[in-house]
1. Here is a list: 217, 144. Which entry is surrounded by fewer than 18 Cβ atoms within 10 Å (Cβ to Cβ), in a loop (DSSP other than H, G, I, E, B), modelled with pLDDT under 95 and within 16 Å of the ligand (Cβ to nearest atom)?
2. Output the helices (runs of 4 or more DSSP H) that fall wholly within segment 436-502 and possess 2 or more residues being free of Cβ contacts under 8 Å to residues at least 12 places away in the same chain, or say none.
3. Filter segment 87-115 for residues that are assigned to a loop (DSSP other than H, G, I, E, B), more than 15 Å from residue 165 (Cβ to Cβ) and either within 13 Å of the ligand (Cβ to nearest atom) or touching a helix residue (DSSP H, G or I) at 6+ places or on another chain (Cβ under 6 Å) (or both) and give the result.
4. For segment 87-118, name all the residues that are under 25 Å from the mean Cα position of the chain (by Cα) and over 14 Å from residue 50 (Cα atoms).
5. Could you run through segment 540-556 and say how many residues are without any contact (Cβ under 8 Å) to a residue 40 or more places away in the chain and within 35 Å of the chain's Cα centre (by Cα)?
6. Filter segment 503-526 for residues that are assigned to a loop (DSSP other than H, G, I, E, B) and within 17 Å of residue 308 (Cα to Cα) and give the result.
7. From 86, 58, grab the single residue that is surrounded by fewer than 19 Cβ atoms within 10 Å (Cβ to Cβ), out of contact with any strand residue (DSSP E or B) (no Cβ under 9 Å at 6 or more places or on another chain) and farther than 30 Å from residue 250 by Cβ.
8. Please determine, by comparing only the residues of segment 331-351 that are part of a helix (DSSP H, G or I) and closer than 18 Å to residue 302 by Cα, which one is farthest from the ligand (Cβ to nearest atom).
Ligand code: BGC
């Protein structure tokens, strides 16, 4: 059955960094409202907002202390209701982030659980006694160190936190936790939102704490993914959650963040028969070429260009396995990774590289998710101090990199090119001030970055912004929504190409993701095709060959 979200083109708004209307350096909901016309003109039809609930902001809103109200730094409940209403008037849907794996340690449940060991909320969280005078086990937290922290109350137990120590994990085994989270979600569905992005849902079930994660001991707290990700119970808890929501609104869109899900899990999570998610976001679709990396330091903060053959393989597997099950999500960046222009773009050919990458991703089968500012080719900001990254793992990286001979500038440069915090910079609206019209006040997180802005790109016909508008519009055509996808197995290391097929229609999209020119040989007879779009320089050479200049792309459609 057709659903509205089969045609969704999603725009991700990080509200703190989008538009500040009260000049405190923090973006706000009235700022999102102010920019609805811009978003409408861009052509997107769905907005995903990162968390806007009341929060101490230790993890920028992912540490929620009250799910039923809007954080005062972002606005009020009235603003949220106005946003929902006005977005709908603009024919746009609203998807809210839903933090279900943990709360803030300032949430009344956790406070009560700590202050009163007999509290009914004690069992809302996960506790264990220490072993041999130490932590209950050796599992590592995603934010560095152990997952265990001493109960700040009177007991000798520890509580579990997969992320920051101020974000204790909820105990989903407890039916009361499940019911409470369902009630919160229902509260928002009744307010008129159209979807939820389930944050970190794959972690809501944990293995038995007695089992240490076998490791060589070099790292005292190894990541123990298989003990806290994608366990079988996740599906049972989620089925209960999603089916309750679908009872009150069958059209609610459930988009699950399944960062480490492989394709088989993605199939399970998004199979309509199972009523779990409608679509999933994985982080496993990317392939980086790490051949030039230094193997003495961790790879996560070392820039790496795209590995096109690896990406081709992942997309082919993903597309063919999800065919007939659910629409994959299509994205290049989000608030947890570097911006596209910085990550895979080519600073010598910035405009063309951003356009080629956009075309490579977004005319594929699936739901585009465009990270705010990506449509301008915005880069990461350059933070000036290691402390600005608010990340426990950064000093450790610095230490290792310094030992391996990197200078302080080189370390900062690597971090600015790869770190999630550098990607959360203020949206660049115009060039009226140093903050690109985001605010008159210094943004809550600030570092210099390359100039570009909405105002300037609106006036430039060949801008990245106008190119995004063009392809977002094409994306609404049935061929690019419903058409089957075949990833082309071309014989080179730099072209990402695919075919879309829908009834008698077909298109071939070829994108050269490298600065070197190349020629691509295709099985199809190109005389059967018209040129729909050329980005930069491309030529048809005879019946089966296309030449593409560096960072060029072409779309051909069957006559
Ligand atoms: C979000 C992160 C956040 C984490 C904990 C994620 O997967 O995208 O930004 O830090 O969940 O809530």
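1. Exactly one residue qualifies, and that residue is 144.
2. Ranges flagged: 454-459.
3. 90, 100
4. Our first condition is that a residue be under 25 Å from the mean Cα position of the chain (by Cα); within segment 87-118, this holds for 87-88, 90-105.
Answer for segment 87-118, where residues must be under 25 Å from the mean Cα position of the chain (by Cα) and over 14 Å from residue 50 (Cα atoms): 87, 88, 90, 91, 92, 93, 101, 102, 103, 104, 105.
5. 3
6. Selection gives 513, 514, 515, 516, 517.
7. 58
8. Across segment 331-351, the extreme among qualifying residues is 347.
The values are calculated or read from the model by the stated rules, or taken from the named source; none is laboratory data. Because the structure is predicted, anything quoted here is derived from the model rather than measured. Neighbour counts are summed over all protein chains in view; Cβ atoms, including those assigned to glycine, are modelled from backbone coordinates with ideal geometry.
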